[in-house]
Amino acid sequence: MECSLNPTAFADLRALASAFAADEWPHLLCPICGRGGLKAGKVNSVETARSRGMHDHEAWDPDYIRGFFQVVLICGWAECGEVVLASGEMTVEAVGNPNHDWTYSEFYLVRHLMPALVPIVFPEPTPIAVKGRVLEASTLLYVDASAAGNRIRTAVEELLTYQKVPRTTSSGGKRRRLSAHHRIERFGAKNPEAANLLEAVKWIGNDASHEVALSPLEVIDGLELLEGALQLIYNDRTQRLTNLAKRINLRKTSVKPKPRSGRA
């Protein structure tokens, strides 16, 4: 599974969370090479039959139009040139200055991207199961954000398992299943910074499980938090810098204490 290698990847995903005008395609990084920007080809849009049937209405205006669109996005990096298929909803809206004549433009709301844009940069040791849940979340992001939220919650559970946090505990001679919250608390004894991020991801996933309608933006927040946790757990440099900052903050100085000389 390929992923973006650019810190703007999350900004790209957020730009697709709302409708945009036909001439204002947001910047998108190629999900295959992680280098080139995706350029939109000719957009094919179609009006629904119900929308066409409203043209004879006496109050009809172009902004009554509703339909769907499809477009091929092509990576602009010469050594890649891969394609991404985008599709979704099309509307027509008035644009321009109220003091001048209005013009109309098609607006697009992306629902599907194939392949999906996966924003997380995975450290090398990241478990395959965690990567799989992130890919599923990225695929579902714009068509069913709540289902995507469930996937990132499952990714947290998978990650805890690979970190050897038990799923169950023994109480009164009986095995009892540990909740995700209690598993994160146990993990926090080893890595409190990462556990703090995973707890936030869990709350987003809980909202999805409890039939709270999530937006793509909320799931994107969860993906970004999950990436931060993965970096803290698996990226040695990130952990080293975190520990270095902690030591400096405790000393309130960058000067290391001199070792005490022993007495003869």
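The values are calculated or read from the model by the stated rules, or taken from the named source; none is laboratory data. Computed from a predicted model, the values in this text were never measured in an experiment. A quick note on method: Cβ atoms are made from the backbone with ideal geometry, for glycine too, and the neighbour counts reach across all protein chains shown. Protein only, heavy atoms only, side chains kept; ligands, DNA and RNA dropped before computing areas. Shrake-Rupley method; radii C 1.70, N 1.55, O 1.52, S 1.80 Å.
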Filtered residues of the stretch 12-64 (kept if at pLDDT 95 or above, assigned to a loop (DSSP other than H, G, I, E, B) and among the β-branched types (Val, Ile, Thr))
Val43, Thr48
When residues of the stretch 8-19 are filtered for being surrounded by fewer than 16 Cβ atoms within 10 Å (Cβ to Cβ) and closer than 19 Å to Gly76 by Cβ, how many remain?
2
So which residues in the stretch 79-102 are modelled with pLDDT under 95 and either open to solvent by 80 Å² or more (accessible area, probe 1.4 Å) or touching a His at 6+ places or on another chain (Cβ under 8 Å) (or both)?
Pro98, Asn99, His100, Asp101, Trp102
So, in the stretch 141-183, exactly how many residues are farther than 19 Å from Val130 by Cβ, among the hydrophobic types (A, V, I, L, M, F, W, C) and in contact with a strand residue (DSSP E or B) (Cβ under 8 Å, 6 or more places away or on another chain)?
1
Where a residue in the stretch 179-195 is open to solvent by 60 Å² or more (accessible area, probe 1.4 Å) and its partner, wherever it lies, is modelled with pLDDT of 95 or more, with Cβ under 7 Å and at least six apart:
Arg186/Val165
Residue selected from the stretch 55-71 under the condition buried (at least 16 other Cβ atoms within 10 Å of the Cβ) and among the aliphatic types (A, V, I, L, M), by the criterion nearest to Val95 (Cα to Cα):
Ile65
Residues satisfying the stated conditions in the stretch 139-149, i.e. open to solvent by less than 60 Å² (accessible area, probe 1.4 Å) and either within 18 Å of Ser209 (Cβ to Cβ) or among the acidic types (Asp, Glu) (or both)
Leu140, Leu141, Ala145, Ser146, Ala147, Ala148, Gly149
So, in the stretch 150-177, how many residues would count as being open to solvent by less than 10 Å² (accessible area, probe 1.4 Å) and at pLDDT below 95?
0
Being under 17 Å from Tyr234 (Cβ atoms) and hydrophobic (A, V, I, L, M, F, W, C): is that true of Leu160 here?
yes
Would you please name the residue that is surrounded by the fewest Cβ atoms within 10 Å (Cβ to Cβ), looking only at residues in the stretch 212-240 that are out of contact with any Ser or Thr (no Cβ under 7 Å at 6 or more places or on another chain) and polar (S, T, N, Q)?
Ser215
Within the stretch 30-53, identify whether any single residue is open to solvent by less than 20 Å² (accessible area, probe 1.4 Å) and in contact (Cβ under 8 Å) with a residue 60 or more places away in the chain, and answer yes or no.
yes
Under 9 Å between Cβ atoms, at least 6 apart or on separate chains: pull out the pairs that start in the stretch 85-104 with a residue that is under 13 Å from Gly67 (Cα atoms) and end on any residue that is open to solvent by 80 Å² or more (accessible area, probe 1.4 Å) and among the basic types (Lys, Arg).
Glu89/Arg66; Met90/Arg66; Thr91/Arg66; Val92/Arg66
Complete set of residues in the stretch 119-138 that are crowded, with 23+ Cβ neighbours inside 10 Å and within 21 Å of Cys75 (Cα to Cα)
Pro119, Ile120, Ser138
